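Here is the structure we will look at, set down as structure tokens.
The values are calculated or read from the model by the stated rules, or taken from the named source; none is laboratory data. Just so we're clear, the structure is a prediction, and the values are computed from it rather than from any experiment. Don't worry about glycine lacking a Cβ; one is built from the backbone with ideal geometry, like all the others, and counts go over all protein chains shown.
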């Protein structure tokens, strides 16, 4: 079986690499030739166009930056749906608005194709180690068909329901993750502004119900250690907040905290933090308040 893989960015490249290492035969495509060459070293073959990938593959995986690109790559006239053989399965692992997933699934069905949405949880460092989490929207038989590939790329798989439920679950998950990032940033800026030591503040937080995984597990090795190299950028977090608010508006669900968080991520982007890890919201917030960046003593 040949698997097509389109989108070899910071998340897609290690995911595809892990599939190669687990024995899957891949044909890949990306706008970055260096990423393609890296996969060729792992015995993947390459295709010059999206259409070429689709024609050669029984299952086509896409891992792309946003809904606009997904609609073009998957649903465009030279895209996957227009060129995949009948009976092929498309698995989009991008984070997109639910309407995009629903429309492409219907378009695929009309051509005799199967469709699965399987957005990715956790960070790029988890993808490197083959420890990604997947939220899968699929019919039961399609879930069983893609499960071996998901097991090759990650360690945790949730079948959330039918097509579209993976995308919707991802938005709920990312709302909590990104909004938590914002209120953690505000809390640390407040600590700095009140003249407290970061170490004593965190000791107290870790002993109460205010504790959360970002502050205790992730941030001490990222922003609080001065490392803001991106695992998940502020730009992408802002994009996801925009998708969350859009989906909430369509469902008539008020999301005031999401709207407020998005504006603070907008402010961070305006100050040049967009390409940094989303934990750098702590730096951006202190910068906005004219405070020293929060750092743990070495």
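With respect to residue 284, is the statement that it is touching a helix residue (DSSP H, G or I) at 6+ places or on another chain (Cβ under 8 Å), free of Cβ contacts under 8 Å to residues at least 60 places away in the same chain, assigned to a helix (DSSP H, G or I) and not assigned by TED's automatic domain parsing to the domain that holds residue 94 true? For residue 284, the condition - touching a helix residue (DSSP H, G or I) at 6+ places or on another chain (Cβ under 8 Å), free of Cβ contacts under 8 Å to residues at least 60 places away in the same chain, assigned to a helix (DSSP H, G or I) and not assigned by TED's automatic domain parsing to the domain that holds residue 94 - is not met.
Every residue, every condition in (1) surrounded by 15 or more Cβ atoms within 10 Å (Cβ to Cβ); (2) within 30 Å of residue 147 (Cβ to Cβ), yes or no:
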{"position": "162", "(1), (2)": "yes, yes"}
{"position": "172", "(1), (2)": "no, yes"}
{"position": "175", "(1), (2)": "yes, yes"}
{"position": "178", "(1), (2)": "yes, yes"}
{"position": "182", "(1), (2)": "yes, no"}
{"position": "187", "(1), (2)": "yes, no"}
{"position": "206", "(1), (2)": "no, no"}
{"position": "215", "(1), (2)": "yes, no"}
{"position": "218", "(1), (2)": "yes, yes"}
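State whether the residues of the range 98-109 include one that is buried (at least 23 other Cβ atoms within 10 Å of the Cβ), assigned by TED's automatic domain parsing to the domain that holds residue 135, under 23 Å from residue 249 (Cα atoms) and touching a helix residue (DSSP H, G or I) at 6+ places or on another chain (Cβ under 6 Å). So far as the range 98-109 goes, yes, one or more of its residues are buried (at least 23 other Cβ atoms within 10 Å of the Cβ), assigned by TED's automatic domain parsing to the domain that holds residue 135, under 23 Å from residue 249 (Cα atoms) and touching a helix residue (DSSP H, G or I) at 6+ places or on another chain (Cβ under 6 Å). When each of 240, 235, 203 is tested for being more than 24 Å from residue 67 (Cβ to Cβ) and at pLDDT 95 or above, the lone residue that passes is 203.
Scanning the range 263-281 for residues that are farther than 20 Å from residue 169 by Cβ and part of a helix (DSSP H, G or I) gives 263, 264, 265, 266, 267, 268, 269, 270, 279, 280, 281. Considering every residue within the range 240-258, establish whether at least one is out of contact with any strand residue (DSSP E or B) (no Cβ under 6 Å at 6 or more places or on another chain), within 24 Å of residue 128 (Cβ to Cβ), in a helix (DSSP H, G or I) and not assigned by TED's automatic domain parsing to the domain that holds residue 67. Among the residues of the range 240-258, at least one is out of contact with any strand residue (DSSP E or B) (no Cβ under 6 Å at 6 or more places or on another chain), within 24 Å of residue 128 (Cβ to Cβ), in a helix (DSSP H, G or I) and not assigned by TED's automatic domain parsing to the domain that holds residue 67, which makes the answer yes.
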